[in-house]
Amino acid sequence: MSIWTMTAATGRPPLTIAHRGGVAAGAENSHAACVAAAAAGTDAFEVDLRLTHDRIPICRHDPDITTATDGAVPVAAMRFAVLQVAEPEIARFRDVAAIGRPIYLDVKETAARQMDLLETIHKLDVPRDWIVGVHDAATARQIARRWPDLRQVGLMLDVEAIAAFASIREGQWIRLHEPRVTQGLMETVRARGLSVMVTCGGGDRRIGDTDEQALTTLLRFQPDALIVNDVVLARRVIDRAFPSHLPDPVPANG
């Protein structure tokens, strides 16, 4: 069963998603951060995706990389080997996917290149419990036709756009940023049959940052997933709120 079918409606705690691989434990979108987040018990990773000039899918948020000789150069114009010299911690998507956790794919390419990137990663021999972010219903329909089993999370803000997205297929998600979360909006989204992931932070906090009080408040809205920078903190608060879901202690020997 895909992790993206395990929602709050099933009585389970919200999923913990490591924002950009879990930036509290390492460089954003890096393999090291993802490994640390997996060890801390994250349910999934969120990573930003781009395609290099030699068609290597990489985990990177920004479109350019600064080099000592050429200044800011588009990632799309550089070969992966050159990128590694300029930024040694840059990760190939293949290596992050091989860790074996489900992944929320936040594709940072243009609409024209998004499908190309998705085609490329579907050719990789890696685990594929993925969900992909989409900005509009037209893109969502195109992806649903090409990969019917690839779940999607809508990134749109307008209620009418959310309704159009929800009509495309069952089992879809919506991502909300923490400052936008209200009981009314949560009820509106859920009435459309959508699951909700919330990106923590925003306002006076860095995206993904949170604390115990903010997490406790968010849990009252019963989100289906929380996107966080600090997986250890999130797991501690969630486990305290849902003690019945903790694994049974292992008896001591002797």
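Please go through the range 33-51 and pick out each residue that is outside any strand (DSSP E or B) and touching a strand residue (DSSP E or B) at 6+ places or on another chain (Cβ under 6 Å). Outline the logic, then answer.
Within the range 33-51, the first condition is being outside any strand (DSSP E or B), and the residues that meet it are 33-43.
Within the range 33-51, CYS34, ALA37, THR42, ASP43 meet the criteria.
Considering only the range 208-217, I want to know if a residue exists there that is over 20 Å from the mean Cα position of the chain (by Cα), closer than 16 Å to GLY154 by Cα and not acidic (Asp, Glu). Steps first, please.
Going through the range 208-217, the residues over 20 Å from the mean Cα position of the chain (by Cα) turn out to be 212-213, 216-217.
When the remaining residues are screened for being closer than 16 Å to GLY154 by Cα, the result is none.
Within the range 208-217, not a single residue is over 20 Å from the mean Cα position of the chain (by Cα), closer than 16 Å to GLY154 by Cα and not acidic (Asp, Glu).
How do the pairs read when you match residues in the range 150-165 that are of a type in the set (S, T, N, Q) with residues anywhere that are outside any loop (DSSP other than H, G, I, E, B), using Cβ under 6 Å and keeping only pairs 6 or more apart or on different chains?
Cβ pairs passing all conditions: GLN152/VAL132; GLN152/VAL134; GLN152/ALA140.
Scan the range 201-222 for residues that are in contact with a Ser or Thr (Cβ under 9 Å, 6 or more places away or on another chain) and either assigned to a loop (DSSP other than H, G, I, E, B) or acidic (Asp, Glu) (or both) and jot them down. Don't jump to the end; show me each part of the working.
Of all residues in the range 201-222, those in contact with a Ser or Thr (Cβ under 9 Å, 6 or more places away or on another chain) come to 201, 207-208, 218, 221.
Hits for the range 201-222 are GLY201, ILE207, GLY208, PHE221.
For residues that are in contact (Cβ under 8 Å) with a residue 40 or more places away in the chain and assigned to a helix (DSSP H, G or I), scanning just the range 56-102, find the one that is nearest to CYS34 (Cα to Cα).
Here the answer is VAL96.
Filter the range 103-123 down to residues that are out of contact with any helix residue (DSSP H, G or I) (no Cβ under 7 Å at 6 or more places or on another chain), part of a loop (DSSP other than H, G, I, E, B) and among the charged types (D, E, K, R) and give me whichever is farthest from ARG141 (Cα to Cα).
Looking at the filtered set, the residue picked out is LYS123.
Check whether at least one residue in the range 79-89 is crowded, with 21+ Cβ neighbours inside 10 Å and either modelled with pLDDT under 95 or out of contact with any strand residue (DSSP E or B) (no Cβ under 8 Å at 6 or more places or on another chain) (or both), and report yes or no. So that I can check it myself, show each step before the final result.
Applying the first criterion (crowded, with 21+ Cβ neighbours inside 10 Å) to the range 79-89 yields 83.
Filter once more, so that each one left must be either modelled with pLDDT under 95 or out of contact with any strand residue (DSSP E or B) (no Cβ under 8 Å at 6 or more places or on another chain) (or both): 83.
Yes - at least one qualifying residue is present in the range 79-89.
The values are calculated or read from the model by the stated rules, or taken from the named source; none is laboratory data. Since we're looking at a predicted model, the values are computed, not measured. A quick note on method: Cβ atoms are made from the backbone with ideal geometry, for glycine too, and the neighbour counts reach across all protein chains shown.
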